[in-house]
Amino acid sequence: MADKELVSTKKCPACQQWSHWQQLTSDRCEHCGELLDPRAYADVQQQAAMEQQQGGIQLMEIGPEDGGVMRFFKTIVRGGQLLFIAILGFIVWLVTAIAG
């Protein structure tokens, strides 16, 4: 009995039948095809949407199809963006250090 493989199962909230479950949010019922854990699936989808909205620092993109002159000017703009971020970071650090 010790050499028998353990199998996880979960009861489908839609059809109330037991199905094999790999503990993934995308697992579906073997009988009706509905999600076995729709709440967790919705949470993962909502978290992914929030991560896309947050964005973060947006530096100018330098594409491989850009010509030499365009790459030069985009590199200068990107350097300005990084300098601006560095100055803001220094100011935040300075204010935090002074505040103690």
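Results, tabulated for the structure shown:
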| item | result |
| --- | --- |
| Set 49, 40, 14: member being in contact with a Pro (Cβ under 9 Å, 6 or more places away or on another chain) and either among the small types (Gly, Ala, Ser) or exposed (fewer than 10 other Cβ atoms within 10 Å of the Cβ) (or both) | 14 |
| Checklist (1) touching a residue at least 12 places away in the same chain (Cβ under 8 Å); (2) in contact with a helix residue (DSSP H, G or I) (Cβ under 6 Å, 6 or more places away or on another chain) applied to residue 35, failing item | (1) |
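Residue by residue, here is whether (1) more than 30 Å from residue 89 (Cβ to Cβ); (2) of a type in the set (Lys, Arg); (3) at pLDDT 90 or above; (4) not in a loop (DSSP other than H, G, I, E, B) holds:
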{"position": "3", "(1), (2), (3), (4)": "yes, no, no, no"}
{"position": "15", "(1), (2), (3), (4)": "yes, no, yes, no"}
{"position": "19", "(1), (2), (3), (4)": "yes, no, yes, yes"}
{"position": "22", "(1), (2), (3), (4)": "yes, no, yes, no"}
{"position": "30", "(1), (2), (3), (4)": "yes, no, yes, no"}
{"position": "53", "(1), (2), (3), (4)": "no, no, no, yes"}
{"position": "58", "(1), (2), (3), (4)": "no, no, no, no"}
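The values are calculated or read from the model by the stated rules, or taken from the named source; none is laboratory data. Just so it is clear, the structure is predicted and the values come from calculations on it, not from any experiment. We place every Cβ from the backbone using ideal geometry, glycine too, and count neighbours over all the protein chains shown.
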